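Accompanying notes for the structure given below.
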Amino acid sequence: MDTSKVTDMSQMFLNCHSLKELDLSDFKTNQVENMSHMFAGCETLEELDLSNFDTKKVKTMSNMFESSSALKSLKLGEKFVVPAKPKEDLKLADHMWVSVGKGTRNNPKPSDKKGITSEELLSQSNRGNWVVRPDKEYHGPSTVQINSNLTENLVVNVPEEIKPDFVGSTFTIPVPQKDGYHADKENVTVMALENKLSSTDVVSYVADKKQSAPKKEISDKDEGTITEFNKYVTVHPDLKFAQLYDANGMKIDSQILDKNYTWFSNRQKDLDGQIYYRTPSNAWVKASDVYECTDSKNLVKTRDAIITELVNSHAQTIVNRGLGAFSTWKTTKVAVLNNHKYYQISPNEFVDSDKVDLVKA
């Protein structure tokens with residue numbers, strides 16, 4: 001939209017009640033003389049970037065922000081000049097405002113935490129990025145516990161430069177790296193509660209797959225019947241760990257595999273009716289502790305059933321949880337549970353391949 005010759009922008013967005021976002025980066029306002037009621041009645045608009053507005057010729061801004069009390073973020077440029085009339089004429093909601101500083105809209109880092117009034121904001125000669133001041137300052141610890149499948153005590157120190165100043169602030173931090181594993185996401189979102197930092201994100205670590213040659217040849221001394229297997233398997237996500245066993249089916253003390261650990265197993269052993277799979281360390285794990293799987297990112301869509309049921313990695317139906325009709329889902333693995341093919345929706349949720357359509361492989 002070419003607004004370079006527009007002189008009247010009054011009521012331009014008047015009563016746009018459902019407007020939540022507004023991109024004004026291409027607006028030319030250097031010829032505008034009237035901006036009255038421009039954003040009045042924008043009841044759900046939370047953020048406005050007016051940093052490119054040149055209002056030196058504007059004669060009236062009366063009621064410019066009337067009934068736009070949801071506005072929580074306002075960015076003003078050096079050429080945003082308010083006419084020489086009482087600043088309250090603009091009807092900017094009566095809040096205390098703080099500068100974003102070196103932070104972000106969701107995690108402001110102002111040099112002055114007390115803030116300024118709406119009238120003072122419109123009088124500031126040094127423009128900038130401002131947000132409504134949160135109610136409480138944050139004085140809690142600078143550590144946050146991250147939920148993960150590897151450990152219950154994954155604690156991360158938040159750098160001082162992004163440690164929040166206010167309760168309710170949100171920010172992201174990088175996911176900690178673990179040797180021998182890769183994570184399913186790069187960052188997690190953290191929120192400042194009244195007395196601590198909290199994250200509801202869950203990080204799933206998956207072991208790096210190494211198809212290295214076995215460290216020893218299969219020995220005639222191994223008990224049981226050994227056959228080729230050559231499949232990927234994963235430790236059930238609802239187990240704390242999978243115990244490792246030696247060639248004779250004896251437990252190996254202090255040797256376990258973490259839940260969700262995935263590897264390529266080239267041998268299967270039948271020992272007195274108990275099936276085992278060989279691990280990269282040449283130990284053995286019970287087949288009942290793992291499930292067959294293959295990494296395969298797909299897009300699947302449910303059919304007309306009101307609810308398509310899900311199962312866990314043991315092929316047990318999950319109660320009070322399902323997929324809605326005609327909904328589309330990203331999958332990360334193809335699993336074989338009880339000799340039947342399933343798509344993995346989340347770490348321990350699978351949908352029957354016969355009950356969905358493959359949209360994209």
Going through the stretch 253-276 one residue at a time, which ones are over 20 Å from residue 333 (Cα atoms), modelled with pLDDT of 90 or more and not in a loop (DSSP other than H, G, I, E, B)? 256, 267, 268, 269, 270, 271, 274, 275, 276
Within the stretch 114-122, identify whether any single residue is at pLDDT below 95, surrounded by 16 or more Cβ atoms within 10 Å (Cβ to Cβ) and β-branched (Val, Ile, Thr), and answer yes or no. yes
Counted residues, the stretch 7-53 - those being in contact with a His (Cβ under 6 Å, 6 or more places away or on another chain) and either acidic (Asp, Glu) or in contact (Cβ under 8 Å) with a residue 60 or more places away in the chain (or both): 1
The lone exception for residue 171 - which of (1) over 20 Å from the mean Cα position of the chain (by Cα); (2) in contact (Cβ under 8 Å) with a residue 60 or more places away in the chain; (3) outside any loop (DSSP other than H, G, I, E, B) it fails: (1)
Can you find a residue that is over 26 Å from residue 18 (Cβ atoms) and either buried (at least 19 other Cβ atoms within 10 Å of the Cβ) or assigned by TED's automatic domain parsing to the domain that holds residue 8 (or both) anywhere in the stretch 62-72? no
Name the residues in the stretch 333-349 that are free of Cβ contacts under 8 Å to residues at least 60 places away in the same chain, buried (at least 18 other Cβ atoms within 10 Å of the Cβ) and among the polar types (S, T, N, Q), would you? 344
Taking the stretch 319-361, which residues are among the charged types (D, E, K, R) and more than 22 Å from residue 184 (Cα to Cα)? 321, 341, 352, 354, 355, 357
Flagged pairs (Cβ under 8 angstrom, 6 or more apart or on separate chains; first in the stretch 175-187, surrounded by 15 or more Cβ atoms within 10 Å (Cβ to Cβ); second assigned to a loop (DSSP other than H, G, I, E, B) and acidic (Asp, Glu)) are 175/186; 181/208
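The values are calculated or read from the model by the stated rules, or taken from the named source; none is laboratory data. Here the structure is a predicted model, which means the values were calculated and not measured. Cβ coordinates were reconstructed from backbone atoms using ideal geometry, including for glycine residues, and neighbour counts include every protein chain displayed.
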